[in-house]
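Presented below is the structure to which this report refers.
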């Protein structure tokens, strides 16, 4: 299918130059190529939270659930449990998944449920016009922290590694080829897959210049090794330092999945009326 | 009239709830209808627990303060409850734990510890032993107890039987409970009845985070999941719970959640999402004493206005408050049907008294209730999740659909489910949601949303758990009872009709501000007199009767 067939009539309201365009285009390319390869687009469900990232569900002609701030994963988890044949993908922001919805993110990793979460990590609240997020660097002067935030940033990839996610990668919105590869790997991975996307907010935290200088793609790393993955992930801690920023796939393992173990009980497979009768008799 | 009340008490960990259920089953075998109130503090071991089991030849749903028998596993039980004894009452107690001097009533002390020691039986069998003694004292034959134990004791049956028999043989008979010529009914809590009602109406998933008094519904659903083909999930928080219910609903899986006040606080943003996104969900809200953590294991009816108003914005909702196990069964099924027919949140507003109270369940009284089909998409043309229709109800479809998308949206949206800020679309979608509320209200006209008992000129107006106590006191005093079952959409006309011939209305509620009165007043009903109780305990028959006599004197 043509990626353009995945467009809708919704008017795009992202700022010109927003990193979200790269994510949107990558999603279109990847989902249409997966459709060609036998993962039908009709079986894809996209769940978003609230923030600039969330608008992506309006721009993509796929099944979707535009949820509330921080709450992509509980919705996605139930959709997957309801119908394991579906490909369930969450698009979520850093404020969304790391502040308001961190518990859901940790539990999704802990369950290693077969869902993909794309983190639109612009490290600033855009729709609310420029406050710090959990991944903003120390000292970030946002509207709510005019003196500079006194919190060190969170490293979401590290959280995911210790939390139990079985696929962890980082992409950058200037680097479409890598982004495509990572999205495809993550979506076809069986288990909880997490892609941290350094998505630049041109209006409130334009990091293009800094990122362009510092990003590099990891090569020949042992993606089956927890320790190696941890070393790479910790080599950049989202802080203002000039450390190089690794991109690429950091970790991928096969691990038991919640959706696999969850009993597929279905109402129509039992004779409920006689079961109710039997239970009532047992209560006598 | 046959009416017999038994109090069995001990410390938490003595198995007092299960002992009460066993006593209930004994009376059930003799043809009695039972009601059991279980009183326990919020702790796991120690503290004082007691079960009050009332048996009658008629359907009942309330306890009395005076009792015919106290079964005391510890001294505290006797000391705390001896005021409940009548001249004709008995006391059965563990000789090794309880010292009673100068008892005015008949007493029977049993060497429980010695009996357990003889059989090397564990301490938890103290209650089996003393129930053996209880049967002898009140003249319930050994075969009845043997039958009950054989049917319901899952572990170490032989040892239980031996211990019970020894207790039976060590006691003396003071009276003989007469058999009543009535069938034996299933005995269940309303939480179990809620579960069965939801299952009957097609529930396919139950999601909850444990919180008293809803936890026993989660436990019941989890235990019964394979039998009924249910998906049961206990996730990280109530926030996840209500969002998961909507994930299931998105795929056409009928889901319900259960919680109490504090957990429901966390659900309110998800509730509002369900209102906007038109996701069918059922919420079992078991009220307990608040505010905040309050009194976790005790009752209240103080969250009516919370349920009515929870969640930002305006959207229709269904709220029913059952008053006993039969209503819990029937109306839980109706709640699920209404949630799906009108794509709205539906509440089963229970409380600790109803949820954890044990009732004789008469399926014939509960009434016939079946799964009803929601409006489904016919597969023609393009699918629009929020298509405008005359009733406001848009046909449902669930992914995957060939070449069509299902777009659910918590923002203001158009018919397809694409976010819009267009003023006309926003007003139209608001109207659509209100239309669904009107259609739901119209359907409710065909249901007995207000129940009337008796035809006195003075009426007790009540809701939820006070049904049982009100109807029984009212019958004695020649009053009418009006029970408002459905609280949203408010059954204004039915309530008005039920008041024909009424000269005086007294509302009876377990809260401190008169929440039903306040609601009914907003529909123009004049309500001045009220009897309120807000100490965490349900009204007993004698207590409510005394309160009513004070008001009408």
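General observations
- The residues listed here are B:193, B:225; of these, the one that is within 11 Å of another protein chain (Cβ to nearest Cβ) and surrounded by fewer than 24 Cβ atoms within 10 Å (Cβ to Cβ) is B:225.
- Odd one out for residue A:38, checked against (1) buried (at least 19 other Cβ atoms within 10 Å of the Cβ); (2) more than 7 Å from every other protein chain (Cβ to nearest Cβ); (3) without any contact (Cβ under 8 Å) to a residue 24 or more places away in the chain: (1)
- For the stretch A:105-115, the criterion of being closer than 13 Å to residue A:47 by Cβ and either modelled with pLDDT under 95 or part of a strand (DSSP E or B) (or both) is satisfied by no residue at all.
- Spans of helices (runs of 4 or more DSSP H) in the stretch A:166-284 with at least 1 residues within 14 Å of another protein chain (Cβ to nearest Cβ) and either more than 19 Å from the chain's Cα centre (by Cα) or modelled with pLDDT of 95 or more (or both): A:258-261, A:272-282
- Verdict on residue B:338 being surrounded by 15 or more Cβ atoms within 10 Å (Cβ to Cβ), part of a helix (DSSP H, G or I) and assigned by TED's automatic domain parsing to the domain that holds residue B:441: no
- Note on the stretch A:105-122: among residues that are under 10 Å from residue A:160 (Cβ atoms) and touching a strand residue (DSSP E or B) at 6+ places or on another chain (Cβ under 6 Å), the one that is nearest to the other protein chains (Cβ to nearest Cβ) is A:117.
- Subset of the stretch A:123-147 [surrounded by 16 or more Cβ atoms within 10 Å (Cβ to Cβ) and not in a loop (DSSP other than H, G, I, E, B)]: A:125, A:131, A:142
- Residue check for residue A:82: closer than 17 Å to residue A:111 by Cα, free of Cβ contacts under 8 Å to residues at least 12 places away in the same chain and at the interface with chain B (Cβ under 9 Å from one of its Cβ atoms): yes
- Residue match in the stretch B:231-254 (condition: over 18 Å from residue B:343 (Cα atoms), surrounded by fewer than 21 Cβ atoms within 10 Å (Cβ to Cβ), touching a helix residue (DSSP H, G or I) at 6+ places or on another chain (Cβ under 7 Å) and at the interface with chain A (Cβ under 8 Å from one of its Cβ atoms)): yes
- Strands (runs of 3 or more DSSP E) contained entirely in the stretch B:390-500, each with at least 1 residues that are more than 14 Å from chain A (Cβ to nearest Cβ): B:450-453, B:458-462, B:480-484, B:486-488
- Residue match in the stretch B:292-299 (condition: within 14 Å of another protein chain (Cβ to nearest Cβ), surrounded by 24 or more Cβ atoms within 10 Å (Cβ to Cβ) and within 16 Å of the chain's Cα centre (by Cα)): no
- Search result, residues across the stretch A:88-104 that are in contact with a strand residue (DSSP E or B) (Cβ under 8 Å, 6 or more places away or on another chain) and either within 10 Å of chain B (Cβ to nearest Cβ) or in a loop (DSSP other than H, G, I, E, B) (or both): A:88, A:101
- Among the residues of the stretch B:157-190, those identified as surrounded by fewer than 17 Cβ atoms within 10 Å (Cβ to Cβ), away from chain A (no Cβ under 14 Å) and either without any contact (Cβ under 8 Å) to a residue 60 or more places away in the chain or under 23 Å from residue A:280 (Cβ atoms) (or both) are B:157, B:158, B:169, B:173, B:176, B:179, B:180, B:181.
- Residue within the stretch A:54-73 that is away from chain B (no Cβ under 14 Å), part of a loop (DSSP other than H, G, I, E, B), surrounded by 17 or more Cβ atoms within 10 Å (Cβ to Cβ) and in contact (Cβ under 8 Å) with a residue 40 or more places away in the chain present: no
The values are calculated or read from the model by the stated rules, or taken from the named source; none is laboratory data. These figures come from a predicted structure and were not determined experimentally. Cβ coordinates were reconstructed from backbone atoms using ideal geometry, including for glycine residues, and neighbour counts include every protein chain displayed.
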